[in-house]
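Undergrad: Handing you this structure, nothing more for now.
The values are calculated or read from the model by the stated rules, or taken from the named source; none is laboratory data. Given the structure is predicted, the values throughout are model-derived calculations rather than measurements. Positions of Cβ are backbone-derived with ideal geometry, glycine not excepted, and every protein chain shown enters the neighbour counts.
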């Protein structure tokens, strides 16, 4: 069983104004999300963001909310895991987010993949 600490998002992942998949757990793998950081890139405008943690086969919905709609002030950062604790995810599970304004919130995710 291999455990690998790594950045889990694609480079420079930005949240869209429609649901955006941030990370999908690879097959035959369990992932522990250790850090999920959201940064508002705007100099002047707050932006809300909402994050969902979905199991394989789930869709984004009220029953999958990890971070409810939260406004991030301009040039500020929040670490979601500080609020909800480490999150375990099974194969084909995914993290998704939606923001008030596309390309204003940048995401950084790190964690451990165990395969």
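Undergrad: Could you grab me the full set of residues in the range 17-37 that are farther than 17 Å from residue 77 by Cα and either in a loop (DSSP other than H, G, I, E, B) or touching a helix residue (DSSP H, G or I) at 6+ places or on another chain (Cβ under 7 Å) (or both)?
TA: Matches in the range 17-37: 17, 18, 19, 25, 26, 27, 28, 29, 33.
Undergrad: Given the options 86, 82, name the one that is surrounded by fewer than 15 Cβ atoms within 10 Å (Cβ to Cβ) and out of contact with any strand residue (DSSP E or B) (no Cβ under 7 Å at 6 or more places or on another chain). Outline the logic, then answer.
TA: Details: 86 fails: out of contact with any strand residue (DSSP E or B) (no Cβ under 7 Å at 6 or more places or on another chain).
Just one listed residue meets the conditions, 82.
Undergrad: Could you please tell me which pairs satisfy a Cβ distance under 9 Å, a separation of 6+ or placement on different chains, a first residue in the range 15-43 that is on the phi > 0 side of the Ramachandran plot, and a second residue that is assigned to a loop (DSSP other than H, G, I, E, B) and at pLDDT below 95?
TA: Listed by first residue and then by second, the contacts come to 28/115.
Undergrad: Here's another thing I want to ask about it. Report yes if some residue within the range 3-11 is at pLDDT 95 or above, surrounded by 13 or more Cβ atoms within 10 Å (Cβ to Cβ) and not in a loop (DSSP other than H, G, I, E, B); otherwise report no. Steps first, answer last, please.
TA: Narrowing the range 3-11 to residues at pLDDT 95 or above: none.
Looking for residues that are at pLDDT 95 or above, surrounded by 13 or more Cβ atoms within 10 Å (Cβ to Cβ) and not in a loop (DSSP other than H, G, I, E, B), one finds none in the range 3-11, hence no.
Undergrad: Residues being out of contact with any strand residue (DSSP E or B) (no Cβ under 9 Å at 6 or more places or on another chain) and either over 20 Å from residue 108 (Cβ atoms) or part of a strand (DSSP E or B) (or both): count how many of those fall in the range 38-50.
TA: 2
Undergrad: Which of the residues spanning the range 52-97 are touching a helix residue (DSSP H, G or I) at 6+ places or on another chain (Cβ under 6 Å) and under 15 Å from residue 17 (Cα atoms)?
TA: Of everything in the range 52-97, just one residue is touching a helix residue (DSSP H, G or I) at 6+ places or on another chain (Cβ under 6 Å) and under 15 Å from residue 17 (Cα atoms), namely 52.
Undergrad: Tell me which of these residue 53 doesn't satisfy, since it passes every other one: (1) part of a strand (DSSP E or B); (2) touching a residue at least 60 places away in the same chain (Cβ under 8 Å); (3) closer than 29 Å to residue 2 by Cα.
TA: Looking at each condition in turn, residue 53 falls short on (2).
Undergrad: Next question, about the same structure. Considering only residues that are outside any strand (DSSP E or B) and at pLDDT 95 or above, which ones fall in the range 63-88?
TA: Taking the range 63-88 first, the residues outside any strand (DSSP E or B) are 63-64, 73-76, 80-86.
Selection gives 63, 64, 73, 74, 75, 76.
Undergrad: Show the residue pairs that are 6+ apart or on different chains and have beta-carbon atoms under 8 Å apart, the first residue being within the range 59-87 and free of Cβ contacts under 8 Å to residues at least 12 places away in the same chain, the second being assigned to a strand (DSSP E or B) and surrounded by 12 or more Cβ atoms within 10 Å (Cβ to Cβ).
TA: What qualifies is 61/52.
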